[in-house]
Amino acid sequence: MVKPARWKALPLAAYSAPSLITSVAALPMALFVPAFYADQLGLPLAAVGMALAASRLLDVVTDPAIGVLSDRLRLPLGRRKPWMLLGTPLFMISLWKIFVPGETASALYLAGWSALLYLGFTMIDLPHKAWGAELSTDYDERSRITSWREALSTTGQVALLACLVWLVEMGVNDVAVQLHAVAVAIVLALPVLLGLCLFTTPEHPPERLDHGPRSTREGWIIVARNPAFLRMVGCVFLFVSGVVIQGTLHRLVLADVMGDEARFPLMILLENVATLAMVPVWLAISIRIGKHRALAVAALWLAAWSLPLAFLREGDTTIMIINIVIRGSSFASILFLANSIAADVIDVDTLESGEQRSGLFFAVWGMVIKLALGVGVLLGTALPAEFGYDPSAVSVSGDVQSALMSIYGIVPAVLMGLGALFLRGFPVTKQVHAQIRAKLEARAMPRSIPLNTSA
């Protein structure tokens, strides 16, 4: 084993610490930045949307490049840590430029700095996740590691939402002031938390098996022939697409169906609190019935509680919030269980390819999630428009409301249910994984001394 069977809480918290801050940037980028640039800076909304969409095109090149390079390069600090160090200043500078722009900021300005922000985020997040997959070889311990990371990520978002609710209660409604406060908090906190992670968490040499190197083409063929990985790609794509459809429509449903848009921040805050509180429960379920079964149950739970949303109408805001909170209680578990299973799937690849290619796998994984994010936003906007929904209209007819709520409740539930089918008969169970680990350890070449063993 690379690491003793069970990590203590403090080292896990130290490893997960950067997620507390990097996750905070995602919410303002989705919920506040588009409206801020359109409303307060006077840019056309379509141009803002195009700028943000264009900024993600660079990911197609940077994600696999960073994944492969972080697998192959052997630098003094290790394979993963140098990328996180390099990405941090880029992430902070870009975020500051986006959240605290000058009055003459253009769509090109937004596109350029957003592209650099996402590049910096990839340089931090991708190696961080690949590193986490390598911290333990134990089936259940990997779930503990990913659950800590997702729990701190959710904690960061809860703290952000709570602060925004507090600012509004204090009469600070200016989005520019709110974004400036978020930027200051991130720039001050991220270096401290990243340093805590890098200097207290060990990075171990990669596993290598006793056979000659494979060509890049052979390596990609092995990835394409990994049935467990292909199943995970399919289910995660459907899961994320379904969740994003609802995320895209939350505010619009509250505004144009419930007639109570002001309760949007409270609803999202309560949902995040619920998903954070339920992380230990879903971890215990995964240990009892297996990760892939727990992931399927979590997805079906979300699907089941999405269906009633289709039947809610004006005046049902409280019922909607309760439903969203119950539904969202499984959300973090979907993320941490999927990432934990991904680490097991990488072991299958290591056994066949002879190399530990966590960076490559999480790069492909990240690209699939980003594609799902785009598809979810597309479905969440195009489908309602197809049925005549216009957010700028003075009023919305009953038929259009019915169509909107069906898209909001039923379509995500169907996608989640289809995604769960990919997990039926999943090939990498706890028992199978134990056999894979035994074969890996029997064939493994001797490792050099870990690059950092402090924990």
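Some values worked out for this structure:
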quantity	calculated
Cα extents of region 1-90 along the three principal axes, largest first (Å)	55, 30, 21
Segment VAL68-ALA35, length gained on full extension (0.36 nm per residue, minus Cα span)	8.3 nm
Globularity index of region 1-158, i.e. its alpha-carbon radius of gyration over 2.2 N^0.38 Å	1.18
Degrees between helix 317-328 axis and first principal axis of the chain (Cα, 0 to 90, nearest 10)	10 degrees
Solution diffusion estimate, µm²/s, Stokes-Einstein, region 41-100, Kirkwood Rh from C-alpha pairs, 25 °C, viscosity 0.890 mPa s	176 µm²/s
In region 219-289, trypsin sites (Lys or Arg not before Pro) in a DSSP loop with at most 13 other beta-carbon atoms within 10 Å	ARG225
Cα-based Lys proximity count in the chain, under 19 Å, for pairs eight or more positions apart or on separate chains	10
Degrees between helix 264-277 axis and first principal axis of the chain (Cα, 0 to 90, nearest 10)	30 degrees
Cα convex hull of region 215-445, projected area averaged across orientations, nm²	13.8 nm²
Extension gain (nm, one decimal) between PHE199 and ALA47, 0.36 nm per residue minus Cα-Cα	50.5 nm
Trypsin sites (Lys or Arg not before Pro) lying in DSSP loop within region 21-78, provided at most 11 other Cβ fall within 10 Å	ARG74
Angle between the chain longest axis and helix 331-353 axis [Cα atoms, degrees, rounded to 10]	30 degrees
Net dipole in debye of the chain [+1 Lys, Arg Cβ; -1 Asp, Glu Cβ; about Cα centre; nearest 20]	1760 debye
Dipole of region 323-412 [Lys/Arg +1, Asp/Glu -1 at C-beta], most positive-end residue of SER330, ILE410, GLY388	GLY388
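Since every read-out is calculated from the coordinates, none of them should be taken as a lab result. The model shown is predicted, which means the values in this text are computed figures rather than measured ones. Cβ coordinates were reconstructed from backbone atoms using ideal geometry, including for glycine residues, and neighbour counts include every protein chain displayed.
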